[in-house]
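Beneath this line is the structure, given in structure tokens, with notes to follow.
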Amino acid sequence: MSDTNKKDYERYLEQDEETWGEFFRNMSLYWKGLMADVRRDIDETLADINEATADLADYTDDPEMMEMAVTAGRVRTLARVSESAMNAIGKCLNATSAIFNKDQ
């Protein structure tokens, strides 16, 4: 990846860690930046889906439109579950970092 396409938080992946505590601290900082990007993408996607499906109540007799509504619901669910899973990973990284850094 070229430096011009690099996200600011990716610098944490290039750090030379001397201890496990520093490694997990860098991974935690990287994860926070990545999560901010992912949340922004999720929010934009959900806003687009909400806009596209806002008036579907008027089309309950149209099977194609109802299939679109079901698909939109699945995407919403997947987005929220993915966000929750990524938050849990971030909490694990923070906790691991804290344990290793406490011993230093």
Verdict on TRP31 being aromatic (Phe, Trp, Tyr) and open to solvent by less than 60 Å² (accessible area, probe 1.4 Å): yes
Looking at VAL81 and the list (1) out of contact with any helix residue (DSSP H, G or I) (no Cβ under 6 Å at 6 or more places or on another chain); (2) modelled with pLDDT of 85 or more; (3) surrounded by 12 or more Cβ atoms within 10 Å (Cβ to Cβ), which single condition is not satisfied? (3)
Index of the failed condition, MET86 passing every other in (1) at pLDDT below 90; (2) in contact with a helix residue (DSSP H, G or I) (Cβ under 7 Å, 6 or more places away or on another chain): (1)
If the requirement is being within 25 Å of LYS102 (Cα to Cα) and of a type in the set (Lys, Arg), which of these qualifies: ARG39, ARG25? ARG25
One residue from ALA54, ALA95 being of a type in the set (Gly, Ala, Ser), free of Cβ contacts under 8 Å to residues at least 60 places away in the same chain and open to solvent by 60 Å² or more (accessible area, probe 1.4 Å): ALA54
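Looking at the range 1-12, which of the residues that are assigned to a helix (DSSP H, G or I) and modelled with pLDDT under 85 is least open to solvent (accessible area, probe 1.4 Å)?
ASN5
Might you check whether a residue that is part of a helix (DSSP H, G or I), farther than 20 Å from ALA95 by Cβ and modelled with pLDDT of 85 or more occurs anywhere in the range 15-32?
Checked against the condition, which is being part of a helix (DSSP H, G or I), farther than 20 Å from ALA95 by Cβ and modelled with pLDDT of 85 or more, the range 15-32 yields no hits at all.
The values are calculated or read from the model by the stated rules, or taken from the named source; none is laboratory data. Please read these numbers as outputs of a predicted model, since none were measured by experiment. Cβ coordinates were reconstructed from backbone atoms using ideal geometry, including for glycine residues, and neighbour counts include every protein chain displayed. Protein only, heavy atoms only, side chains kept; ligands, DNA and RNA dropped before computing areas. Shrake-Rupley method; radii C 1.70, N 1.55, O 1.52, S 1.80 Å.
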